[in-house]
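Please read the structure below before turning to the comments.
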Amino acid sequence: MYEISIIFFTLFLTVTINYILIKKKFLLDKKYSSHKSFLNNREVPLSGGIIFLLSICVFYNSEFYPLKLTMCVIFLIGVFSDLNFISSPAKRMVIQTIVILTFLFINQTYIYTITWEFLDYYLQNTYFGYFFSLFCLVILINGTNFMDGVNTLVAGYFMIVTLILLYVAINFNLELNFNLTKVILLSLLVIFIFNFFGKLFLGDNGSYLIAFVMGYLLINFSNINQLVSPYFVACMLWYPAYENLFSIIRKTTKRNSPTAADNKHLHQLLFTFIKKKLPYSNNFLNTLSGLIINFFNLLIFLFAATFFNNGKQLIILILISIFLYNYLYFYLKRK
């Protein structure tokens, strides 16, 4: 009954929020940058973050108010970006850094170990742990925003991550914040459905917020379960993290700004390739591109779930994933 309540509330919320935003012509996809919804010609509500935030605030029963307050601030940073009030990626990153670091200090949350003796030596220093965790979260948030170029990619990706988390936690009797995980999964399911048909976009507000919450959830999951390898978490988040790193390297080598948006990401190259091969509408091919990439990640995550406590196997899996990403990227680029 609890799960059904979440679904129906989120459905009602989505329809209502979308109607209001369209009616008021507020927070719609205005294409301020080439990276945002570059395939769509219609004005679509950037309502993903609003729906995700309100669903968690209503159904996640927690007395830890700094988490919800930080979520609201991260969401607002994304809204100001979507409205082009904060057009500079560098300024957004600075604000993100201040907000996230403050949250980590208040919550006393940081990555304790990555089972690498060299780095673990420094992680014994609490302050280094905070800044290392900050670095990881900022990479995740902005990498997720880079992903958000085709329908279903971000929502679908993190839906799969939450499902894998639930599978591993239940089958191996591990500790997990089940309440938060269920709210995340079910709210993402509704967002996924509407995004599938191009009826809403996440926008920067949704991408930033979802990535932050998922990063927080996964750090806690790794910290409270010693049986879980830190590389399992790394494997769950490899795609947005590598998307960010690869984009920075790619742009820097071409002497472009590493924070500037462009249309040369893997999902965009895949869309262009599929468009040449299949005689279907752009909206259909847009969604198909996201589904293909998420199917690829689903296979990776299924292997990761099998080796969730085996660091060496997980490192090999991450390296294979990166190799396949690079191979596919340069193959599509040539086409």
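The values are calculated or read from the model by the stated rules, or taken from the named source; none is laboratory data. Remember, predicted model here, so these are calculated numbers, not experimental data. All Cβ positions, glycine included, derive from the backbone under ideal geometry; neighbour counts span all protein chains shown. Areas reflect the complete protein model, heavy atoms only, side chains present, ligands, DNA and RNA absent. Shrake-Rupley method; radii C 1.70, N 1.55, O 1.52, S 1.80 Å.
Once the other residues with Cβ under 15 Å from the Cβ of Y19 are scored (Lys, Arg +1; Asp, Glu -1), what is the net sum? Please report the intermediate quantities before stating the final value.
Numbers: positive: K23, K24, K25, K199; negative: E43.
Neighbourhood net charge equals +3.
What percent does the relative contact order of the chain come to when contacts are Cα pairs within less than 8 Å and at least six residues apart? Walk me through the intermediate numbers first.
Values: 432 pairs, mean separation 81.9, N = 335.
Reported relative contact order: 24 percent.
Calculated from DSSP H runs of 4 or more alone, at -39500 (n - 2.57) each and per residue, what is the 222 nm mean residue ellipticity of the chain, nearest 500? Don't skip to the end; give the middle numbers.
Values: 14 runs with 245 residues, N = 335.
Mean residue ellipticity, 222 nm, calculated: -24500 deg cm²/dmol.
Compute the distance in nm between two label points, each set 7 Å from the Cα along the Cα-to-Cβ direction, one at K264 and one at W116.
My value for the distance between the label points is 2.7 nm.
On the first, second and third principal axes, largest extent first, how far apart are the outermost C-alpha atoms of segment 189-303 in Å?
50, 39, 29
Find the accessible area per residue for the chain; the probe is 1.4 Å, ligands and nucleic acids are left out, and the unit is Å². Could you put the intermediate results ahead of the total?
Numbers: 15670 Å² over 335 residues.
Per-residue accessible area for the chain comes out at 47 Å².
Below 8 Å between Cα atoms, with a sequence gap of 6+, how large is the relative contact order for segment 42-116 in percent? All intermediate terms of the calculation are to be shown ahead of the outcome.
Values: 26 pairs, mean separation 22.0, N = 75.
That works out to 29 percent.
Listed highest first by mean packing, meaning other Cβ atoms within 10 Å per residue, what order do 49-55, 214-220, 80-86, 124-130 come in? Please list the in-between numbers first.
On the way: 49-55: 23.9, 214-220: 21.1, 80-86: 17.6, 124-130: 13.4.
Descending packing order for the listed peptides: 49-55, 214-220, 80-86, 124-130.
Just check the chain against the gyration tensor rule for me: Cα atoms, a ≥ b ≥ c as the square roots of the eigenvalues, rounded for a/c under 1.5, and otherwise prolate or oblate depending on whether a/b exceeds b/c.
It comes out rounded by the Cα gyration axes.
Going by average Cβ neighbours within 10 Å, how do the peptides 87-95, 300-308, 179-187 rank, with the highest at the top? If you can, show how the numbers build up before the last one.
Details: 87-95: 14.3, 300-308: 19.4, 179-187: 21.2.
By packing density, highest mean first, the sequence is 179-187, 300-308, 87-95.
Taking the Cβ of S247 as the center, what net charge do the other residues with Cβ under 12 Å away carry, scoring Lys and Arg +1 and Asp and Glu -1? List each step's numbers first, then the result.
On the way: positive: R250, K251, K254, K264; negative: E243, D262.
Surrounding charge for S247 is +2.
On the accessible surface of segment 203-335, probed at 1.4 Å, how many percent belong to carbon and sulfur atoms? Kindly include the intermediate steps, with their values, before the conclusion.
Details: 4080 of 6120 Å².
About 67 percent, which is the carbon plus sulfur part of the accessible surface.
Please compute, for the alpha-carbon atoms of segment 61-103, the extent along each of the three principal axes and give them in descending order in Å.
Projected onto its principal axes, the Cα set of segment 61-103 covers 34, 20, 8 Å.
Roll a 1.4 angstrom probe over the protein heavy atoms and tell me the percent of accessible area of segment 50-134 that is carbon or sulfur. Don't jump to the answer; show the numbers that get you there.
Values: 3040 of 4570 Å².
That share works out to 67 percent.
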